[in-house]
Amino acid sequence: MSDETNHTARLEELQKSELFCRIDESTWQVICEEIDLVGLKKGQALFREGDSADAIYVLIQGELEITKTSENGRLANIGEIKPYMSVGEIQVLRGGRLEENIHAASDCRLLRIPKAAIENLSINTPAEFQKILEVVRQRVREDQLRVILPKIFGALDEKTFLHIKNNIEWIHLNRRAVLCREGDPGDAIYIIISGRLRAVKDHGGPDEKKLNDMGRGEILGEMAFLTGGVRSAMLYAVRDTELVKISRATFEIFANENPRTLLSIGQTLARRMLKAESAHRGTNIQLNLAIVDICDDAKVKTFIESFTQALSAHGAMLHLNSSKLNERMGIPEIATIADDDPLNIKLSAWFDEQESRHDIMAYESDTTATNWTKRCVRNADKVLLIVDGTKLPAEANKDMLSLLQQECPELSAREIIFIHSGPDSKPHGTIDWLNLIKAETHYHIRQNSEADMHRVIRFLMEKAYNLVLSGGAACGLAHMGVIRALEENGIPIDSISGTSMGAVIASQYAMGMGCDDLLKNNLLLWVSSKPMRDLTVPFISFLRGQKLERIAKWIYGDARIEDLWRPFFCVSTSLTSNDQVVHRKGPLYQAIRATTSVPGLVPPAIINNEILVDGGIMNNLPVAVARRFFKGPVIAVDVTEAKVLRISEDGFPSPWKHLCQRLLPSKRRDLIPGIFDIMYHSAVVGSQRRTEQAGKDADYYLRLPLDRFKFLEFDAFDEIVELGYRFSNEKIMEWKKKGLADF
């Protein structure tokens, strides 16, 4: 038989296959010279687990068996390949290795189409190549469904699976595209196959609230679907996302034949409700990070290498840059192909596969605005901008900033990491960068500091430990003992925030002060300087506050909140707008001055023409504010006095009698509240219930037994600090028994 006859016969056989049947005849000559006929004897292996494929095989005679090694080490039969089905096409078109063994169940004849022939087809006839890719895409989708559906609905027989597969609608959402809006009818349920969606309530309104993110394998819209109601939130794609839509009609047929489906969905709803009731919503969502160096700096390159290595300890991770991708795919410059390149579908499918296998995808961009950089940003849930702390905003790559604005305009997806040279460095100029690049949050890291690096990683994994400290005047000195106890027990303090005296301690710790510095500074501030003797004519307040101001300015200097080593905020109360004010930027001293301005005791603070006083009036334990800014468990410390003010007499004694009782130790003067006790309790009584609720909402709550100490009893400094330390140690031991992680 002539070569021409052989080619014709082989092409006729090839045209019977699902993979090649749609190819136009005019394109066959591109690959006909490369097709070989291969024979396998019964029992002979075509591929083994872990093999890569250098060709696509089409079975034309005989039968192939598919086996896979089970958990007990035995081979399990998981399928068969019949004539005109293909093998190896996914690996040739997507890269990667086979996860199964394929061997001949009988004597077989196969057509072998080498990888080079397929690549020639993609270059010379891209339209025909797209037809092959579409078949492969459908096959990949089927494989994804076979993995995901049983996890939601339980084990499915082949008939049930085919019914679902043939009656679902596939939906692709580009980044930021909306799936449904609040109030839309709940006429279908959705299952995420790849990508990530975010639920938002009251979108675009003043009370807009992010509810949660959902990733691969999660079911959406089941509540509205089952109740016949409307969507309770808007859902949009955080990154490019593939979903399947199951209509009501399809689901009802499926549920009638498989009643356990309703049980599975009921369990999903129950889990969601439990999460909603839990103060901290843990997450196991697969995380995609784009890591972008916008100044092309050597220090940043070194950091990225260390950072990705540390990140790999938190789950299965794949770190890709353009050169690594080119090498893994075996195709030069595939990382930089354009969106309209025929290989783009192959590349996107390969990314989907990798995301299904890894908990974390770290996409390291190029240092210029290439197609690879664009793809990194587009594939990311979070874009990490890495900046050398010594650089000025003018040194940023303008093309990179433009690409960032185009591909990732959402502030919620941007975070900045500033790298500093060492422990003696001091962050500065952060506000200039934040004015140039709007971002949801930022971090400061000392180079070669593993503690700093792991703190940022916990934030990214939404597992950061966030300490919130209440106000409480002298009782707030106990916060220093709490911090010491947490440190000694290996519990990280990733962010630290508070109100009034809690903000004083929190801000100094956020500046980088250790426990010894905290004790020294606050002993000077509250005891040695005798600030309570700085009296004045009480037109506005009883104290001038000049002593406190002088020492506080020495402690805080010109520090800004944006430049603190740890994320921090504090809360004050505006008498101008009758609302709470959250301080997250600006001069640190001004914020502390505002949050500690107890009405009547010290003069109010004036910032931007607003009259600001103690934050404890409205929110003495700002747990809810911490949850808004920081993801992860919240540790709340409450040092407010729980005792109720009482008096043993029918009325208050005269000033002279009260003075006599205070001067005579035998008198029971503790039963008579003083002016500062009355002022303090009057100020915080309105937020008492809010404080109690905040304690319930925290993941870990410390209510310190400080009732015997008075509001301004700063002379009990050592005793209060020691009580905070010892009591916290006992509670931390209890927490650890209940599962508090040790770091």
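Residue by residue through the range 71-97, note down the ones that are over 14 Å from residue 57 (Cβ atoms) and either of a type outside the set (A, V, I, L, M) or in a helix (DSSP H, G or I) (or both).
First, the residues of the range 71-97 that are over 14 Å from residue 57 (Cβ atoms): 71-80, 94-97.
The answer is 71, 72, 73, 74, 77, 79, 80, 94, 95, 96, 97.
Go through the residues of the range 170-193 one by one and say whether even a single one is small (Gly, Ala, Ser), in contact (Cβ under 8 Å) with a residue 24 or more places away in the chain and in a strand (DSSP E or B). Give the derivation first.
Keep residues of the range 170-193 that are small (Gly, Ala, Ser), which gives 177, 183, 186, 188.
Now narrow it down to the ones that are in contact (Cβ under 8 Å) with a residue 24 or more places away in the chain: 177, 183, 186, 188.
Narrowing further to those that are in a strand (DSSP E or B): 188.
Taking every residue of the range 170-193 in turn, at least one turns out to be small (Gly, Ala, Ser), in contact (Cβ under 8 Å) with a residue 24 or more places away in the chain and in a strand (DSSP E or B).
Against the condition open to solvent by less than 10 Å² (accessible area, probe 1.4 Å), among the hydroxyl-bearing types (Ser, Thr, Tyr) and in contact with a Phe, Trp or Tyr (Cβ under 9 Å, 6 or more places away or on another chain), how does residue 495 come out, does it pass?
Numbers: open to solvent by less than 10 Å² (accessible area, probe 1.4 Å): yes; among the hydroxyl-bearing types (Ser, Thr, Tyr): yes; in contact with a Phe, Trp or Tyr (Cβ under 9 Å, 6 or more places away or on another chain): yes.
Criteria met by residue 495.
Six or more apart or on different chains, Cβ under 6 Å: which pairs go from a residue in the range 431-445 that's touching a residue at least 12 places away in the same chain (Cβ under 8 Å) to one that's part of a loop (DSSP other than H, G, I, E, B)? Could you list them?
So the pair list comes out as 444/427; 444/565.
For residues in the range 344-373 being part of a loop (DSSP other than H, G, I, E, B) and touching a Ser or Thr at 6+ places or on another chain (Cβ under 6 Å), which is least open to solvent (accessible area, probe 1.4 Å)?
Top of the filtered list is 365.
Please count how many residues of the range 45-76 are without any contact (Cβ under 8 Å) to a residue 40 or more places away in the chain and closer than 19 Å to residue 142 by Cβ.
First, the residues of the range 45-76 that are without any contact (Cβ under 8 Å) to a residue 40 or more places away in the chain: 66-76.
Imposing the further condition that a residue be closer than 19 Å to residue 142 by Cβ reduces the set to 66, 68.
The qualifying residues number 2.
Name the single residue that is farthest from residue 40 (Cα to Cα) among those in the range 98-130 being in a strand (DSSP E or B) and of a type in the set (Lys, Arg).
If we filter the range 98-130 for residues that are in a strand (DSSP E or B), which is where we start, we get 101-104, 108-114.
With of a type in the set (Lys, Arg) added as a condition, the list becomes 109, 112.
Values: 109: 6, 112: 12 Å.
My answer is 112.
Take residue 657 and tell me if it is at pLDDT 90 or above, of a type in the set (Lys, Arg) and in a helix (DSSP H, G or I).
On the way: at pLDDT 90 or above: no; of a type in the set (Lys, Arg): yes; in a helix (DSSP H, G or I): yes.
Here the answer is no, as residue 657 does not meet what is asked.
Mind listing just one residue for me: the one in the range 47-60 that is open to solvent by less than 30 Å² (accessible area, probe 1.4 Å) and not aromatic (Phe, Trp, Tyr) and, of those, modelled with the lowest pLDDT? Please lay out each step first, then the result.
Filtering the range 47-60 for residues open to solvent by less than 30 Å² (accessible area, probe 1.4 Å) gives 47, 53, 55-60.
Then keep just the ones that are not aromatic (Phe, Trp, Tyr); that gives 53, 55-56, 58-60.
On the way: 53: 86, 55: 91, 56: 91, 58: 92, 59: 93, 60: 92.
Checking each candidate, the answer is 53.
It is to be established whether one or more residues within the range 392-411 are open to solvent by less than 10 Å² (accessible area, probe 1.4 Å), of a type in the set (Asp, Glu) and farther than 16 Å from residue 445 by Cβ.
no
Please determine, by comparing only the residues of the range 222-238 that are modelled with pLDDT under 80, of a type outside the set (Asp, Glu) and touching a Leu at 6+ places or on another chain (Cβ under 9 Å), which one is surrounded by the fewest Cβ atoms within 10 Å (Cβ to Cβ).
Across the range 222-238, the extreme among qualifying residues is 226.
Mind telling me which of the residues 477, 519 ends up being at pLDDT 95 or above, open to solvent by 20 Å² or more (accessible area, probe 1.4 Å) and more than 19 Å from the chain's Cα centre (by Cα)? Full working, then the answer.
Numbers: 477 fails: open to solvent by 20 Å² or more (accessible area, probe 1.4 Å).
Result: 519 is the single residue among 477, 519 that is at pLDDT 95 or above, open to solvent by 20 Å² or more (accessible area, probe 1.4 Å) and more than 19 Å from the chain's Cα centre (by Cα).
May I ask you to say which residue of 676, 711, 743 is modelled with pLDDT under 90, open to solvent by less than 60 Å² (accessible area, probe 1.4 Å) and not in a helix (DSSP H, G or I)?
Values: 676 fails: not in a helix (DSSP H, G or I); 743 fails: open to solvent by less than 60 Å² (accessible area, probe 1.4 Å).
Unique residue meeting the criteria: 711.
In the range 62-74, how many are exposed (fewer than 13 other Cβ atoms within 10 Å of the Cβ) and of a type outside the set (D, E, K, R)? It would help to see each step written out before you state the result.
Step one: list which residues in the range 62-74 are exposed (fewer than 13 other Cβ atoms within 10 Å of the Cβ), which gives 70-74.
Filter again for of a type outside the set (D, E, K, R), leaving 70, 72-73.
Residues meeting the conditions: 3.
Could you tell me whether the range 254-269 includes any residue that is open to solvent by 70 Å² or more (accessible area, probe 1.4 Å), part of a strand (DSSP E or B) and at pLDDT 75 or above?
Looking only at the range 254-269, we keep the residues that are open to solvent by 70 Å² or more (accessible area, probe 1.4 Å), and these are 256-257, 259-260, 262-263, 267.
With part of a strand (DSSP E or B) added as a condition, the list becomes none.
No, there is no match, as no residue in the range 254-269 is open to solvent by 70 Å² or more (accessible area, probe 1.4 Å), part of a strand (DSSP E or B) and at pLDDT 75 or above.
Can you pull out every residue in the range 436-470 that is closer than 25 Å to residue 409 by Cβ and among the aliphatic types (A, V, I, L, M)?
Of everything in the range 436-470, those that are closer than 25 Å to residue 409 by Cβ and among the aliphatic types (A, V, I, L, M) turn out to be 436, 437, 439, 456, 460, 461.
Name the residue that is nearest to residue 61 (Cα to Cα), counting only residues in the range 115-134 that are of a type outside the set (Val, Ile, Thr) and open to solvent by less than 20 Å² (accessible area, probe 1.4 Å). Steps first, answer last, please.
Pass one, the range 115-134, residues of a type outside the set (Val, Ile, Thr): 115-117, 119-122, 124, 126-131, 133-134.
Going one step further and asking which of them are open to solvent by less than 20 Å² (accessible area, probe 1.4 Å), we end up with 117, 121-122, 129, 133.
On the way: 117: 22, 121: 25, 122: 28, 129: 25, 133: 25 Å.
Restricting to residues being of a type outside the set (Val, Ile, Thr) and open to solvent by less than 20 Å² (accessible area, probe 1.4 Å), the top hit is 117.
The values are calculated or read from the model by the stated rules, or taken from the named source; none is laboratory data. Model, not experiment: these values are computed from the prediction. So basically every Cβ, Gly included, is an ideal-geometry build from the backbone, and we count neighbours across all protein chains shown. We work out accessible area using only protein heavy atoms, side chains counted, and drop any ligands, DNA or RNA first. Shrake-Rupley method; radii C 1.70, N 1.55, O 1.52, S 1.80 Å.
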